[in-house]
Amino acid sequence: MQLFKQIDRLNLLDKLISQKRTGKPESLARRLDLSVSRLARIIEYLRETGAPIQYDRALQTYFYEFDYRIFIQVSMQPLSDVDTRLYDAGSFSSMPLGMPALGFVGGNGVAFLKA
């Protein structure tokens, strides 16, 4: 799934920034399988949301100005029928009863995927 690829990409980006091992933007973009312009947009977005990311021209690497981490995690677990109705705005799903639903918790709330 594209979502998991993006999460892995952001976690790798954080790891490389925290270790000051990103290299030049061009090589970092290749490593993350992104265009340089897409990488620039991601870095800018992270900065806008509070990540203290800077670039050191002498060392040719991105770094955090102070201790900072970006960690994105997805947790998946089966939901009960009651939970499924709660997350499905109270409506009944078209799934047969007893069919498990997989859920994951995101940054700002809960979402779920029906199996």
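The figures follow:
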{"read-out": "Charge context of K24, other residues only, Cβ under 15 angstrom, K/R +1, D/E -1", "value": "+3"}
{"read-out": "Reachable aspartates and glutamates from K15, criterion Cα separation under 14 angstrom, eight or more residues apart if same chain", "value": "D67"}
{"read-out": "Whole-Hz couplings from phi, Karplus 6.51/-1.76/1.60, listed for the range 34-45; x for Gly and Pro", "value": "10, 7, 4, 5, 5, 4, 4, 5, 5, 4, 5, 4"}
{"read-out": "Per-residue ³J(HN,Hα) for the range 18-28, Karplus 6.51 cos²θ - 1.76 cosθ + 1.60, θ = phi - 60°, Hz, x for Gly and Pro", "value": "5, 8, 6, 10, 7, x, 5, x, 5, 6, 5"}
{"read-out": "Candidate aspartates and glutamates - alpha carbon under 13 Å from K24, same-chain residues fewer than 8 apart omitted", "value": "D56"}
{"read-out": "Share of pairwise Cα separations in the range 2-42, more than 13 Å, in percent", "value": "50"}
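None of the figures in this text is laboratory data; all of them are computed from the coordinates on show. Bear in mind that the values here come from a model prediction, so they are computed numbers and not experimental data. Cβ atoms come from the backbone with ideal geometry, glycine included; neighbour counts cover every protein chain shown.
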